[in-house]
Amino acid sequence: MGVLLTGNTVFAEPVPDLAKYPKAPRIWLGIEEALVRPKAYSQGRTMAAGNVRLMATDGQALKKGELWAVLDPQGLELERRSLEVEEYKFTQKIREDKRNQRDKTVKIQLDVNDIQEKKSKLQLALESEETPVEIKRRIREGVKKADEEIAALQEFLSADQQAKELQMEEEEARVALEKKKKDFEASKKRSELIALSDGVLKLSSQAKDALTEKPDGLIWLDGNIHIGSISEENAVEIVVSAKSPLVNQINKDDLLVLMEEGRSGRLISAEFEKVDELDTGSDVQQNYVFKVASDSMEGARNVSGQRNLVHVYRKLPQPCHIVLKKDIAFIDPAALERAGWEGLAIKLWPGCKVVQVASQTLAIQAPNGN
């Protein structure tokens, strides 16, 4: 038999008093997989099989920007020397081009003088009364052609024209050199492993094993091998794989996580700090990074490097009644099917506000705002 509430509304089961549900400042969203890692963390791997020059030792404290390893140092040195040769060749080319330009200018000036001398002889013949009329016509054509050749050569001899030609030749050589410089800088960036933050270097087991055979620091490693990592040991953070659609829908600044520290059973608390994006080549994966609370840091350090499950919560704008879905699921199944959890809650408690629908609970503000 149904239970009559207000008006003519009849429900299959009694409607619980909203006030009986305790208030909480947060609501549980679910469980996600997480990694506890040092807050400042970077690592180096080989790209291909080859030599690696270690510039620091295992356990050594490094400063941000400090070089700690070089991949294929011999190849990088060859590229550096090759670039030095190209820079020398460029300097020599500029000098040679200027010298050639001067020589070319002298030759052209001589050509101009030669044409002018020939023109003078033609003009003398043109002024002679003994020169036949037909010959004079041809001489005039020769004089005109000489004037055109002299004008063209004098234009080339102008300072602007010579500077433009030299500039174009120099720019062409400079562009080629700049490209080689960029190629070298790209190789250098790939080859030189730099500490991205202050931290302690921890060499991989493969690197340590190779060092036993080559204690001078020049070791051989196969391709795609972990060389070492740098981390700030005193500060850790929690990285959560953002896979849950529910978690992805929440304003990130409202998220927090709780993790149980296995040794003591203490809860480690952390609040959202930033999003890390990892480009895998096929897609971009998003990870949520949580900043560990200062009073949880000691416990978090005990599980640094471990993967664990964390409870993800949403911080509510104000404390809300946390209602179990199972308590109201069968009061009005038709309303639930038609209007969802929010619609059902509003029908059960008219005037209430559903702040969050989670996997097992609802966060609800009472009609009076309490």
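Brief remarks follow.
- For the range 76-189, alpha-carbon Rg over 2.2 N^0.38 Å: 1.83
- Only Lys, Arg (+1) and Asp, Glu (-1) charged, at Cβ; the chain dipole about Cα centre in debye: 780
- Cα gyration tensor shape for the range 219-303, rounded if a/c is under 1.5, else prolate or oblate: oblate
- Cα shape, the range 245-370, gyration tensor, a/c 1.5 rule: prolate
- Semi-axes of the equivalent ellipsoid for the chain, Cα gyration tensor, largest first, Å: 83, 37, 14
- Whole-Å distance, taken between Cα centres, linking the range 207-235 and the range 282-350: 42
- Compared with the dominant principal axis of the Cα atoms in the chain, helix 159-191 is inclined by about 30°.
- For the range 43-105, the Rg and Dmax computed from alpha carbons only, in angstrom: 20.5, 67
- Radius 15 Å from Cβ of Lys119, net charge of other residues (Lys, Arg +1; Asp, Glu -1): -1
- Translational D in µm²/s for the range 216-268 (Stokes-Einstein at 25 °C, 0.890 mPa s, Kirkwood Rh from C-alpha pairs): 155
- Charges were assigned to the Cβ only: +1 to each Lys and Arg, -1 to each Asp and Glu. The resulting dipole of the range 201-326 about its Cα centre is roughly 700 debye.
- Projecting the Cα positions of Ala146, Thr91, Ile115 onto the charge dipole of the range 76-189 (unit charges on Cβ atoms of Lys, Arg, Asp and Glu, taken about the Cα centre) puts Thr91 furthest along the positive direction.
- Relative contact order, percent, the chain [alpha-carbon distance under 8 Å, six or more residues apart]: 30
- Listed residues Ala69, Ser294, Gly343: farthest to the positive end of the dipole of the chain (Cβ charges): Gly343
- Taking GluC sites (Glu not before Pro) in DSSP loop states with no more than 11 other Cβ atoms inside 10 Å as exposed sites, the chain has its longest site-free stretch at 131-370.
- Tilt relative to the chain, helix 73-127 - C-alpha long axis, 0 to 90 degrees, to 10: 30
- Of the trypsin sites (Lys or Arg not before Pro) found in the range 41-145, those that fall in a DSSP loop while having at most 13 other beta-carbon atoms within 10 Å are Lys63, Lys64.
- 5 angstrom amide H check on Met55, placed H, neighbours 5+ away: Ala69, Val70
- Percent RCO, i.e. relative contact order, over the range 76-189, from Cα pairs under 8 Å lying at least 6 residues apart: 44
- Kirkwood estimate for the range 312-370, i.e. one over the average of 1/r between Cα atoms, Å: 11.6
- Cα-based helix-to-principal-axis angle, 333-348 vs the chain, degrees rounded to 10: 80
Rule-based calculations on the coordinates, nothing more; no lab input. The structure presented is a predicted model; accordingly, all values stated were derived computationally and were not measured. Because the Cβ atoms are built from the backbone with ideal geometry, glycine has one as well, and the counts that use them run over all protein chains shown.
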